[in-house]
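Single-structure report; data block below.
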Amino acid sequence: MGAGPGDAELLTLKAYRLLQEADVVLFDWLVDESVLALIPRQVNKEFVGKRSGKHSMPQHEITQRMVYLAQQGKCVVRLKGGDPAVFARTVEETDALTAANIPFAIVPGITTASGASAYTGIPLTERECAQGVRLITAHQKNADAEPNWSLIAHSLQNETVVFYMGLKKLPMICNALQAHGVPLTLPCAVVDRACCPEQKLITGTVSSIPDQALHADLQGPALLIFGHGVWKKQ
Ligand code: SAH
């Protein structure tokens with residue numbers, strides 16, 4: 001189930017209803033307090049957090065726990081920040097459920113790119129300058145693997161590129177884009193804790209933003225948005 005990027009009012013009605021009916025909710029660190037507050041007291045809440053750079057429960061243990069609880073006859077909600085189809089390792093979990101013959105449904109959520117766009121006014125597509133949008137992870141399975149920088153740099157001519165899990169890599173990403181021909185003036189934004197009361201927005205260019213971010217005391221999670229659409233902020 002997707003919990004959306006913050007503000008509990010971004011939950012779907014379906015997610016809300018199922019949270020009231022669950023026996024157990026397994027949730028990540030990205031799920032906002034305001035969402036957890038909507039879970040009834042009698043429902044067990046288990047934190048199975050994963051946070052960049054901090055101790056976390058390995059994915060296979062989370063999956064095992066989910067399967068175990070379901071096999072005990074519990075109605076389990078696996079609650080994730082944003083949308084479960086976007087950088088959320090959902091397939092690993094649904095594969096395990098299928099293998100164990102456990103019926104399940106996927107409940108969508110608002111992905112951070114959509115939430116951040118609405119709560120900052122930065123469009124993701126815009127007729128004049130952004131005919132598409134790419135969602136990219138800055139965190140590859142193999143730590144040495146590199147995104148296809150020349151493809152990304154090229155797409156920035158007329159697309160918006162959104163990086164998830166990119167805050168720590170912001171200087172590296174900006175360098176790589178410039179090295180692959182992106183103009184120094186390309187607009188970009190960092191949205192820290194999007195859709196939360198503490199949301200912070202920094203806008204600048206691909207050459208200025210790493211320094212701006214350094215001085216902005218960002219806590220994360222944060223989203224990076226590159227592209228000409230950033231200047232069309234409403
Ligand atoms: N499934 C989630 C993404 C999980 S990957 C979704 O659809 O949004 C984790 C990354 O999502 C974080 O590193 C960060 O880049 C982004 N993220 C999640 N919640 C966020 C928030 N409230 N504000 C900014 N970025 C967020």
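List of remarks:
- Only aspartates and glutamates eight or more places from Lys233 in sequence, or on another chain, were considered; those with a Cα closer than 18 Å are Glu126, Glu128, Glu159, Asp192.
- Dividing the helix sum by the residues of the chain, where each DSSP H run of 4 or more adds -39500 (n - 2.57), gives a mean residue ellipticity at 222 nm of -8000 deg cm²/dmol.
- Here the residues Arg89, Arg127, ranked from fewest to most Cβ neighbours within 10 Å of their Cβ, fall in the order Arg127, Arg89.
- The chain: most fluctuating residue of Gly81, Gly181, Gly220 per GNM, C-alpha cutoff 10 Å: Gly181
- Between the range 1-68 and the range 173-226, the alpha-carbon center distance in angstrom: 28 Å
- Bins of 5 Å from zero: percent of alpha-carbon pairs in the chain: 1, 6, 14, 17, 17, 15, 11, 9, 6, 3, 1, 0
- Within the range 143-211, the percentage of alpha carbon pairs spaced more than 16 angstrom apart rounds to 48%.
- Among Ser150, Ser114, the ranking by other beta carbons within 10 Å of each residue's beta carbon, starting with the fewest, stands as Ser150, Ser114.
- Exposure proxy ranking, count of Cβ atoms within 10 Å, fewest first, for Ile62, Ile39: Ile39, Ile62
- Solvent-free Debye scattering, log10 I(q)/I(0), computed from the Cα coordinates of the range 117-234 at q = 0.15, 0.22 Å⁻¹: -0.60, -1.34
- The lysines within cross-link reach of Lys14, meaning a Cα-to-Cα straight distance under 18 Å and a gap of 8 or more places when in the same chain, are Lys80.
Every number in this text was worked out from the coordinates using simple rules, so none of it is lab data. In this text, all values refer to a predicted model and were calculated from it rather than measured experimentally. No Cβ is skipped: glycine too gets one built from the backbone with ideal geometry, and neighbour counts run over all protein chains shown.
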